[in-house]
Amino acid sequence: MASALDISGIRRARFARRVPATLGALAGPRHGVVSLPLHLAWSGLREFDLEQPRLRMSYYRIVLAEGMRDDLVEYLDRDLLLTMWPTLRTLISRDIRDVWESAFDELAIRARAAA
């Protein structure tokens, strides 16, 4: 049986393969209502008003957890991600958080500044 450490390593490797090369590649919407496809939002709410902070946070949590690289680029915005990161990082899994902060110094710096 796989240990928790093995499972975490597998999850981290899976998330690391999805991360875009740069945060600048994130070209998603910043405003308005966005409808996520079923392969991302397969249960519950699918439309998110990005003007609503709670809905925007839920939207980012879903895309980070479920999205493949093309989804991340299409649905996430660099500036919104950076602004939201200090709070968002507390709402996502440790595996996702660690992968993104390892890949992007900008996120790790924001995390340390918020601590």
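Can you tell me the 0 to 90 degree angle between the C-alpha axis of helix 105-114 and the longest principal axis of the chain, rounded to 10?
Tilt relative to the chain: about 80 degrees.
Highest mean first, how do 35-47, 8-20 rank when packing is the count of other Cβ atoms within 10 Å averaged over residues?
8-20, 35-47
If I take all pairs of Cα atoms in the chain, what percentage of them are more than 19 Å from each other? Don't jump to the answer; show the numbers that get you there.
Numbers: 2880 of 6555 pairs.
Of all Cα-Cα distances in the chain, 44 percent exceed 19 Å.
Taking Cα atoms, how many degrees apart are the long axis of helix 78-88 and the longest axis of the chain, rounded to 10 and kept between 0 and 90?
60 degrees
Quantify, in whole percent, the carbon and sulfur part of the accessible surface of the chain (1.4 Å probe; protein heavy atoms only). Numbers along the way, then the final one.
Values: 3600 of 6680 Å².
Within the chain, the accessible surface is 54 percent carbon and sulfur.
Which angle from 0 to 90°, rounded to the nearest 10, does the C-alpha axis of helix 4-18 make with the longest principal axis of the chain?
Value to nearest ten degrees: 50.
Starting from the Cα of His39, step 7 Å along the direction of its Cβ; do the same at Asp6; then give the gap between the two resulting points in nm.
2.9 nm
Give me the 1.4 Å probe accessible area per residue for region 1-79, excluding ligands and nucleic acids, in Å². Don't jump to the answer; show the numbers that get you there.
On the way: 4830 Å² over 79 residues.
Per-residue value: 61 Å².
Taking the Cα centre of the chain as origin and charging only Cβ (+1 Lys, Arg; -1 Asp, Glu), how large is the dipole, in debye to the nearest 20? Working shown, then result.
Details: 17 positive and 15 negative charges, 61 e Å.
Once rounded to the nearest 20, the dipole reads 300 debye.
The values are calculated or read from the model by the stated rules, or taken from the named source; none is laboratory data. Predicted model only: the values in this text are computed from it and were never measured. Glycine gets a Cβ as well: all are built from the backbone with ideal geometry, and neighbour counts include every protein chain shown. Heads up: the accessible areas ignore ligands, DNA and RNA and are worked out on the full protein's heavy atoms, side chains in. Shrake-Rupley method; radii C 1.70, N 1.55, O 1.52, S 1.80 Å.
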